[in-house]
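What follows is a set of notes on a single structure, which appears directly below.
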């Protein structure tokens, strides 16, 4: 009993150490639209705004904390055009310009920088420079459009579970109404605002859920002022 209590206290301390939280909430798992709110030290920052998520809505992803399995919710798989449900670390900012300065590690998206979505490759779901043993499938981080002009890496499926999804980012939208292939997108102005706010010392995370999971998040983060 004491051991379980200490584990619970340790988990809560771990959760509360996440001082910066991006919360993305959709109406349901079929929606390709959601609202985004930002919190720091359990206080809301910025004004809530609408974002695009996966063309086919949401699927349960693999994050830093295991959420309850809901049999009514689909799982997230490679190529399903669903954005992941879960709680995920935000690890890097990336962009086309070489010398941008942030309070997060920065990846310069050169023409040789790729993200591997070939689940049979050893670098599946990793951002790497083009290797000698090229994967069968990958995406360029330096695109011919502005969607990756500035973005944030979402640590989904860090253990590289085959076919459970890869290359999940927060990035610039194609158009205001365009859903994504599994990422979360918004205007360049809003990506810039979030990128300039994020600080790796404040353990930033993304919580991305359908509205039906609000109660579960409230139990995990009771101090978070959720609407």
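With all pairs of separate Cα atoms included, region 92-227 yields a Kirkwood hydrodynamic radius of 16.3 Å. Evaluated over the Cα positions of the chain, the convex hull gives a direction-averaged projected area, one quarter of its surface, of 12.9 nm². Can you bin region 32-76 into rounded, prolate or oblate? Criterion: square roots of the alpha carbon gyration tensor eigenvalues sorted a ≥ b ≥ c, rounded for a/c under 1.5, prolate for a/b above b/c, oblate for the rest. Taking the square roots of the gyration eigenvalues as a ≥ b ≥ c, region 32-76 is oblate. The equivalent ellipsoid that matches the C-alpha gyration tensor of region 20-121 spans semi-axes of 25, 21, 13 angstrom, in descending order. Among 129-142, 110-123, the peptide with the highest mean count of other Cβ atoms within 10 Å heads the list, and the full ranking is 110-123, 129-142. If both residues of a DSSP beta bridge must be in the chain, then about 65% of such bridges are antiparallel. Work out the FRET efficiency for residue 112 and residue 219 from their Cβ-Cβ distance, taking R0 = 45 Å, and round it to the nearest 0.05. The pair residue 112/residue 219 has a calculated efficiency of 0.50. Mind pulling the angle between the C-alpha long axis of helix 2-16 and the longest principal axis of the chain? Nearest 10 degrees, somewhere in 0 to 90. Rounded to the nearest ten degrees, it is 50.
Would you mind checking the tilt of helix 188-197 against the longest principal axis of the Cα atoms of the chain, expressed as 0 to 90 degrees and rounded to 10? So the helix axis and the longest Cα principal axis differ by about 60 degrees. Net length available on complete extension from residue 192 to residue 41 is 52.3 nm, with 0.36 nm assigned per residue and the Cα-Cα distance removed. Over region 139-212, the fraction of Cα-Cα pairs per 10 Å bin, rounded to whole percents and listed from the shortest bin up, is 17, 47, 33, 3. As a calculated quantity, the FRET efficiency between residue 163 and residue 203 at R0 = 25 Å, using C-beta atoms, amounts to about 0.30.
Where a number appears in this text, it was derived from the coordinates with a stated rule and is not lab data. These numbers were taken from a predicted model, which means no experiment stands behind them. Every residue, glycine among them, receives a Cβ derived from its backbone with ideal geometry; neighbour counts consider all protein chains shown.
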